[in-house]
Amino acid sequence: MTTAGTAFDDLVERAGSLVRPGRRALLGIAGGPGAGKTTLAERLVRRLNERGAPHAAHVPMDGFHLADAELDRLGRRDRKGAPDTFDAAGYAALLRRLREDEEDLVYAPGFERVLEQPLAGALPVPRAARLIVTEGNYLLLPDGSWERARAQLDEVWFCELDEDERIRRLVARHEEFGKDHETAVAWVLGTDQRNAALVAATRDRADLVVGTAVTGAGTPPPVPRGHRPPDRRSTR
């Protein structure tokens, strides 16, 4: 494992270099809730596609959240976001399909943050995408289907952020998507923090540790109380 202390352009070069002639590459980005995984993934994909090669696609893990109805049936709704509230086997199977590179088009699920529900078939991944950038909390978890998912990835990077700033951003995000301040703080310091501790323990398994100064993840803008954002798809 190494720690990135270089510029964002160096990360772009490293990501692009994973692609070899005749084979698709998969890059994973792990890290705790609110650490900047999505920001880094989106910036990498955008920059690579601006350059023209390799064509990249963003396939988040969050589309494999179990639906609330299933979490209610399992009695896990109050732990939403924990490892066993995802379809990890389905995620590993999708990564294997993408790795095998035998289909002209593969549909991946997305995640709707206003509804807080997965959306089947929301993200088309064409065969032209030679680098798949996927991100999520548990890519380095050393057990079960998460281990099978890791086996499909060429590298996994770990996003690291100052803990106080990570918590502040996470509270702001929960408020943005509908929670009042007290509920957001309670969730972040409870369920989210337990998950963050679990993710932090996997840091040493990463190929590269990336700090926020390198990713360029900025401070989220303030959201007026009572604001309801437009329907959009996003990930953690």
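Rule-based calculations on the coordinates, nothing more; no lab input. Computed from a predicted model, the values in this text were never measured in an experiment. Cβ coordinates were reconstructed from backbone atoms using ideal geometry, including for glycine residues, and neighbour counts include every protein chain displayed.
Here are a few things to note about the model shown:
- Structure-derived Cα Rg over 2.2 N^0.38 Å - corresponding label in (1) 1.49; (2) 0.97; (3) 1.30: (2)
- A cut-off of 5 Å between modelled amide H atoms, ignoring neighbours fewer than 5 places along the same chain, links Leu123 with Ala108, Gly110.
- Folded to 0 to 90 degrees: helix 37-51 orientation relative to the chain principal axis, Cα: 30
- Charge sum, other residues only, whose C-beta stays under 14 Å from Arg205's C-beta, Lys/Arg counted +1 and Asp/Glu -1: -4
- In sequence order, calculated HN-Hα J values of region 154-169 (Karplus, 6.51, -1.76, 1.60; Hz; x Gly/Pro): 5, 9, 10, 9, 10, 7, 10, 9, 3, 4, 4, 5, 4, 5, 4, 5
- Amide hydrogen proximity for Cys159: with H placed 1.01 Å from N in the peptide plane, the residues at 5 or more positions away or on another chain lying under 5 Å are Ala30, Gly31, Val210.
- Counting neighbouring Cβ atoms within 10 Å and putting the fewest first, the residues Leu208, Leu95 line up as Leu208, Leu95.
- For region 75-117: rounded, prolate or oblate by the Cα gyration tensor [a/c cutoff 1.5]: oblate
- Per-residue HN-Hα couplings for region 93-109 [Karplus 6.51, -1.76, 1.60; θ = phi - 60°; Hz; x = Gly/Pro]: 5, 5, 4, 5, 4, 5, 5, 5, 6, 10, 10, 5, 8, 10, 9, 10, x
- Prolate/oblate/rounded call for region 1-84, Cα gyration tensor, a/c under 1.5 rounded: prolate
- Dividing the summed -39500 (n - 2.57) terms of all DSSP H runs of n ≥ 4 by the residue count of the chain sets its mean residue ellipticity at 222 nm at -10000 deg cm²/dmol.
- For region 65-198, the relative contact order is 24 percent, taking Cα pairs closer than 8 Å that sit 6 or more residues apart in sequence and dividing their mean separation by the residue count.
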